[in-house]
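Below you'll find the structure, written out as structure tokens, and then a few comments.
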Amino acid sequence: MDKINMAKTEDRRGFFRIDDEVNLFYKKIDAKLATEPHHFSDNILNNCSLSTALEMVSQEASLLLHRVEKSLPDVADYLRIIDAKIDLLAQAIMMQGFHFKENQTRNVNISASGIAFNCEETLQKGDYLEIKMLLVSSMAVIVTYGRVIYCKTSQVNDSKYPHFVGVDFINMKDEDREMLIKYVVKKQLQQIRDKKQADNKS
């Protein structure tokens, strides 16, 4: 596949969107901070890169685990337990390091190019945000910047989050974007499978 076709494929995957639940923290920042590359501190970058690397290793390990399971099912079960323990440790580290809280988990619509979510305050079109996301189902952390493209009254009757905001990601690290693309595609396929199973049962 040539570079042009590869770029088109990446663009198409970037537009895949899913409804999901993430642990989300954001704050308004100055436009200059958001548009200057490499503003994040080294610690944040290192932690996020570690999170992304762990997710990629986990995806590779799942393929190997499937092969091990065929010949050594007991070993495969043991490896799953070890993997679960590592996930719990990673979850604890990331929750502490980024000050995530359970009550910050909210429903979002997300793609590799942006995110939409209900929020508690009125934001203006053009506002710049620092965004920290914990993808709950994969325990991956992404820290990036975003620009508000709209903010309107939420259609959901929720006194805690009366506004609905759409944000385009900017200056996201390439490896985090690739990880998010894979996450969205995987989640979308799972949702399709779940819907088919539900339809077959009904």
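The values are calculated or read from the model by the stated rules, or taken from the named source; none is laboratory data. The structure displayed is predicted, hence computed values, not measured ones. Please note: Cβ atoms are built from the backbone with ideal geometry, for glycine as well, and neighbour counts cover all protein chains shown.
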Boolean, residue 194 is assigned to a helix (DSSP H, G or I), closer than 28 Å to residue 83 by Cβ, under 13 Å from the mean Cα position of the chain (by Cα) and not hydrophobic (A, V, I, L, M, F, W, C)
no
Can you run down the residue pairs with Cβ atoms below 7 Å, 6 or more apart or on separate chains, where the first is in the range 146-157 and over 10 Å from residue 124 (Cα atoms) and of a type in the set (A, V, I, L, M, F, W, C) and the partner is surrounded by 12 or more Cβ atoms within 10 Å (Cβ to Cβ) and modelled with pLDDT under 95?
156/118
Specify the residue that is farthest from the chain's Cα centre (by Cα); the eligible residues are those in the range 32-86 that are among the polar types (S, T, N, Q) and at pLDDT 60 or above.
71
Test residue 166 against the criterion of being assigned to a loop (DSSP other than H, G, I, E, B), at pLDDT 85 or above and not basic (Lys, Arg), and give yes or no.
no
Restricting attention to the range 158-177, which residues are under 30 Å from residue 59 (Cα atoms) and in contact (Cβ under 8 Å) with a residue 12 or more places away in the chain?
166, 167, 168, 169, 170, 171, 172, 173, 175, 176, 177
Is it the case that some residue within the range 95-106 is modelled with pLDDT of 80 or more and in a strand (DSSP E or B)?
yes
What are the residue pairs meeting all of these: first residue in the range 125-144, first residue under 14 Å from residue 26 (Cα atoms), second residue among the acidic types (Asp, Glu) and at pLDDT 90 or above, Cβ atoms under 9 Å, and 6 or more apart or on different chains?
128/30; 143/130; 144/130
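Here's the yes/no breakdown for (1) surrounded by fewer than 16 Cβ atoms within 10 Å (Cβ to Cβ); (2) of a type in the set (S, T, N, Q); (3) in contact with a Ser or Thr (Cβ under 6 Å, 6 or more places away or on another chain):
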position: 153; (1), (2), (3): yes, yes, no
position: 157; (1), (2), (3): yes, yes, no
position: 162; (1), (2), (3): yes, no, yes
position: 173; (1), (2), (3): no, no, no
position: 186; (1), (2), (3): yes, no, no
position: 190; (1), (2), (3): yes, yes, no
position: 193; (1), (2), (3): yes, no, no
position: 200; (1), (2), (3): yes, yes, no
